[in-house]
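Beneath this line is the structure, given in structure tokens, with notes to follow.
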């Protein structure tokens, strides 16, 4: 096939130019396994609608169908993953739906390492969360509806990750957006939840607009919506893509920031905790927020080349670094356990985004992979606790270790994985990110990369600190809640245990120089990825980071653990009847009050207030109030002062004024009035007269043009 | 080319056969003193223009004029007139007085003069090739949906807005509902 | 386009269509008299012409012609006199594009179906002219009702035709018939099916309902409802002009029935007849199919009561138009998918 | 042979007549009717130039179609406005519509 040969030779040129660090994976086409991969997005989508129409009449009221669909995805994803590891799969299929001018609108599916990773994650994590949700949602008024929209949520994500072109990607993107809106607002009887859903939707919409613009710029300048076409144009050295690349890349990154809740767009994610906990678990693990990371990874061949994307990757690094630290800090002061985890997610997403920004493609996706396990686990654990104590607040918890041992131990595994304790999953992935960043920083000393290295080490400290706080306040000390805590049913515990196994071992899949499964996995793509591979773990960095993490855990334990002075100790761990003052104490000790920083963190850097007061409220009207205030207090002050002075001066001048000056002005005024009355006669407000005058102008100008 | 040459061409006779009624009818539209008749003259003028389009081979445009203008717009006009209680007899107040008509006439004649001058200057006696057969509608459709798809969508949006606007404007104000 | 014979050609063909129309309208009028009579257990015309009263329509026509041609004193005479011509012209023009055989068509326009709709909308204009120029409140109300009704039902009519056009892939009526004569192979059987059997049943129903409304026949005869408006826009007409409206109504009935036959029932095409013979057999086939529709419309007339004005508008705007839009959507989907 | 100017002159003449109507009519419905004549004149020009240029994309015809569509929209809204004015003021005389004056 000449076309394939031509493409290979272009790739070869590209490889020469970019050195031996780029590697084109050896891959087959996956055969029938890839050809039928369209079932992966289609099955959940179809099932979502089936549940909508027939769910109420089916066994288990829709849960069965939803779980079956996710089970199918999980099995298919696993089979694909295994096949990918054995032979490598790079395949792309497109079906033409229609044309707009020279642009083909296509529906298709990409089967390569990156999309298989996502299929696998959505399928496996989704399946576990769905199983868990059966018990968690029991007795909900809209049980079937929940599973319909939840399946749509997973299906939308699969449409997104299977997309070979921007159009389908945006369709999936919007499906995820709209189903997340439905799910966040699931308990819509409460106004706060509606607000949260609206906030998530609106914030995402702002970013989506940027994504549309970016996708349109990029597709127009490359001449196709197809990703592979765009990359081919890139390798051929298309000039228009070079010209518009920066703006396209930036706009698309802004879109990714919205879905992945990066720094200025992070506001919706903690509020999105209003949804049921399984939704949070899936949203934070494999769906929705990873979409942004996935998008950057999908377009990584573009972002890795500054001659096309300009300095976008620097912006990505800085945004990611700011996010990972600032959001970690916010997690310190939250009382709501789910909010802590939410900010933790945003912080970890910052790691992934920053990693992709510095060119650590594998590291970023590896962290995405491990994070899916331990964050899903932590959320399910939090859900289990909430299920037991009927409250989201950690000031209502404490001492649960005794009542919920399974939850405690799995949560502990998740915590270890998140903070990066050897040999749990987070240790390997976070280490790889920091190593890659450090390698880039030493090879290419750029401010942004150093900034990221420092911030990510600080971030690791913060992560350890707040996780120590969560574990201490939740599982140690005295139980302070009202409800009777109990261990969750088996159907909830089993997924947690399964995820705990994943969280403990997922990191072992990519030990540098040893296993490197995930590396092979995600670099199996039709276009080569330029990045540095480590032959072995970077012991030097481990030697820095691990003590930092341990220090964080220690300080957290000292401040919030049962032995701390701050901690309220009851009568030795048993549940006690806690009085109101004691509760107040509990709430106060729960929050870590750093003198200056605390108010800032408490108010989430005032960003929510800024959006609310700067963007939302003014559009609803009160911009007038603000203007009025400024007008009354600032603007008026000057005239008032002036007026005070002027009044005395005026009295003196009045005499002259009345006689000489007034005369002049009266004449002037009368003249103006008379002129106005005269001119008014010329323009009597009749449309036809205006038409006549304008056409007279047309005639005159036309005549002038003809003459000259 | 002399007038004589011009008149020997049968197509020109067909042109005159259509153009003169069209012009006369449009003059009647602006000068008739009976409002319904004026609109009926508009039918003739537009029908004449439709026939001229057919002559130019623009069949789709021609029949669209018939369908949209004569079939819908004129009906709208007539209903509008009838609802605003037009008298059967001649009305005196359909037009402005002669003092306002004179400058308008002058302006129109000037406009025509300038345009005619410009056209004769720039085109002279260039000829127009009449098509052998009518434009295939399929080709127009293809062109609309490839080269002109965005204007087409914009027009459809404008039509939708006009539809909604028309309904909102023309509906009677409902008395405030008592819950 | 501008061949020397173009206009002559056109005039001859219009003349043929005129004759055709007159030749068909009288039998249909007679058929209506007899069929309705039998449906209501009456005998119907009996004396005129001897057997079965076959000369009754002719006698009626003669009766109209010999009456005085009245023009009301306050009427706008030119408009009043022109109105019937406008209506009848719109009717005749429909015949121009209806194919009676593969070559038997006055002018096979590339956009025949579009032409059909454009021309038939002119009839509304004549009705409004008649209603307004009569200087009679009943006439004006009748004219307005007629205009509102015709506009309302023109949309479903148009949309139903559009659905057929989408399926056939052409607006030429000959092309539509050819599309229906194309063989469909299902397993071992290969048959030619008319559109009514291949997915256009909804369009067919919509078209026939809208057609009856366009013709202002019972149950859609609000514009000329005797009990409310005397005779609507026809109140002031008499003699030849009245008979022209009368004739136009029946001619339209035939014309639209032939359009139904062409669009939905396969037109001049019959299976098993060699193509060379179609020019010979075609006219009979089309007329036979149209006769079925005509009979159906007459049947409806003696069966249904009249609709109220608001029910009539509701039916068009709230039912027929949405249904036909959905219908087009479904048919377009299949047209693209298959 | 047919000349192009005869078509353009017809268009110009119709346009001027329409303009005269727009300027002199007092009845709002007739002002709209005159506008329709102007638009028809424009359409004649568009289609004539399309034929003259033998445009493969049929730009002239397509723009004539757009003009027709927009004219239909304009009449729909225009008549609705006129009905509204008639309901409020019992007149469709444009002379009395001088609210824009002050």
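The values are calculated or read from the model by the stated rules, or taken from the named source; none is laboratory data. Just so you know, these numbers come straight off a predicted model, no measurement behind them. With ideal geometry, Cβ positions are generated from the backbone for all residues, glycine too; neighbour counts draw on all protein chains shown.
Remarks
- Counted residues, the range A:99-122 - those being away from chain B (no Cβ under 14 Å), surrounded by fewer than 24 Cβ atoms within 10 Å (Cβ to Cβ) and not in a helix (DSSP H, G or I): 3
- Looking only at the range B:94-117, residues that are outside any helix (DSSP H, G or I) and within 9 Å of chain D (Cβ to nearest Cβ) come to 3 in all.
- One residue alone among D:80, D:48 is assigned to a helix (DSSP H, G or I) and at pLDDT 85 or above, and that residue is D:48.
- Of the residues making up the range B:148-158, at least one is free of Cβ contacts under 8 Å to residues at least 12 places away in the same chain and part of a loop (DSSP other than H, G, I, E, B).
- Of the residues contained in the range C:231-247, one or more are found to be over 22 Å from the mean Cα position of the chain (by Cα) and assigned to a helix (DSSP H, G or I).
- All told, residue B:57 falls short of being under 17 Å from residue D:15 (Cα atoms), touching a residue at least 24 places away in the same chain (Cβ under 8 Å), buried (at least 20 other Cβ atoms within 10 Å of the Cβ) and in contact with a helix residue (DSSP H, G or I) (Cβ under 7 Å, 6 or more places away or on another chain).
- Residue C:199 being over 18 Å from the mean Cα position of the chain (by Cα), in a loop (DSSP other than H, G, I, E, B) and surrounded by fewer than 21 Cβ atoms within 10 Å (Cβ to Cβ): yes
- Residues of the range A:376-427 that are touching a strand residue (DSSP E or B) at 6+ places or on another chain (Cβ under 8 Å) and more than 21 Å from residue A:553 (Cβ to Cβ): A:392, A:393.
- Matching entry among C:100, C:128, C:116, C:150 (being outside any helix (DSSP H, G or I), touching a helix residue (DSSP H, G or I) at 6+ places or on another chain (Cβ under 7 Å) and buried (at least 21 other Cβ atoms within 10 Å of the Cβ)): C:100
Okay, residues lined up against (1) under 25 Å from the mean Cα position of the chain (by Cα); (2) crowded, with 18+ Cβ neighbours inside 10 Å; (3) closer than 28 Å to residue A:115 by Cα:
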| site | (1), (2), (3) |
| --- | --- |
| A:479 | no, yes, no |
| A:482 | no, no, no |
| A:489 | no, no, no |
| A:492 | no, yes, no |
| A:502 | yes, yes, yes |
| A:518 | yes, yes, yes |
| A:527 | no, yes, yes |
| A:532 | no, no, yes |
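- Residue B:65 vs. criteria assigned to a helix (DSSP H, G or I) and more than 14 Å from chain C (Cβ to nearest Cβ): no
- Residue in the range B:25-36 that is facing chain C (nearest Cβ under 9 Å) and either in contact with a helix residue (DSSP H, G or I) (Cβ under 8 Å, 6 or more places away or on another chain) or at pLDDT 80 or above (or both) present: yes
- Checking each residue in the range B:118-166 for being touching a helix residue (DSSP H, G or I) at 6+ places or on another chain (Cβ under 6 Å), more than 7 Å from chain D (Cβ to nearest Cβ) and closer than 22 Å to residue D:52 by Cα picks out B:118, B:134, B:137.
- Tally, over the range D:41-69, of residues that are facing another protein chain (nearest Cβ under 7 Å) and farther than 24 Å from residue B:19 by Cα: 1
- Subset of the range D:75-90 that is more than 7 Å from every other protein chain (Cβ to nearest Cβ) and buried (at least 18 other Cβ atoms within 10 Å of the Cβ) - its residue that is nearest to the chain's Cα centre (by Cα): D:78
- Single unsatisfied condition, residue C:107 versus (1) at pLDDT below 75; (2) in a helix (DSSP H, G or I): (2)
- The residues on offer are C:242, C:246, C:195, and the sole one that is farther than 19 Å from residue C:128 by Cα and touching a helix residue (DSSP H, G or I) at 6+ places or on another chain (Cβ under 8 Å) is C:195.
- Restricting attention to the range C:71-88, the residues being under 22 Å from the mean Cα position of the chain (by Cα) and away from chain B (no Cβ under 11 Å) number 4.
- When the range D:7-40 is filtered for residues that are modelled with pLDDT under 85 and either more than 7 Å from every other protein chain (Cβ to nearest Cβ) or surrounded by fewer than 24 Cβ atoms within 10 Å (Cβ to Cβ) (or both), the ones remaining, listed by number, are D:26, D:27, D:28.
- For the range C:2-14, the count of residues that are more than 22 Å from the chain's Cα centre (by Cα), farther than 20 Å from residue C:291 by Cβ and surrounded by 15 or more Cβ atoms within 10 Å (Cβ to Cβ) is at least one.
- Test result for residue A:673, in a helix (DSSP H, G or I) and either surrounded by 10 or more Cβ atoms within 10 Å (Cβ to Cβ) or modelled with pLDDT of 75 or more (or both): yes
- Evaluated against (1) without any contact (Cβ under 8 Å) to a residue 12 or more places away in the chain; (2) touching a helix residue (DSSP H, G or I) at 6+ places or on another chain (Cβ under 9 Å), residue A:62 falls short on exactly one condition, (1).
- Cross-chain or 6+ apart pairs with Cβ under 7 Å, the range B:37-49 first and at the interface with chain D (Cβ under 7 Å from one of its Cβ atoms) and more than 18 Å from residue D:67 (Cβ to Cβ), then modelled with pLDDT under 90 and surrounded by 24 or more Cβ atoms within 10 Å (Cβ to Cβ): B:38/B:29; B:38/D:30; B:38/D:33; B:39/B:74; B:39/B:77; B:39/B:78; B:39/D:33
- Of all residues making up the range A:44-96, the number that are in contact with a strand residue (DSSP E or B) (Cβ under 7 Å, 6 or more places away or on another chain) and not in a helix (DSSP H, G or I): 9
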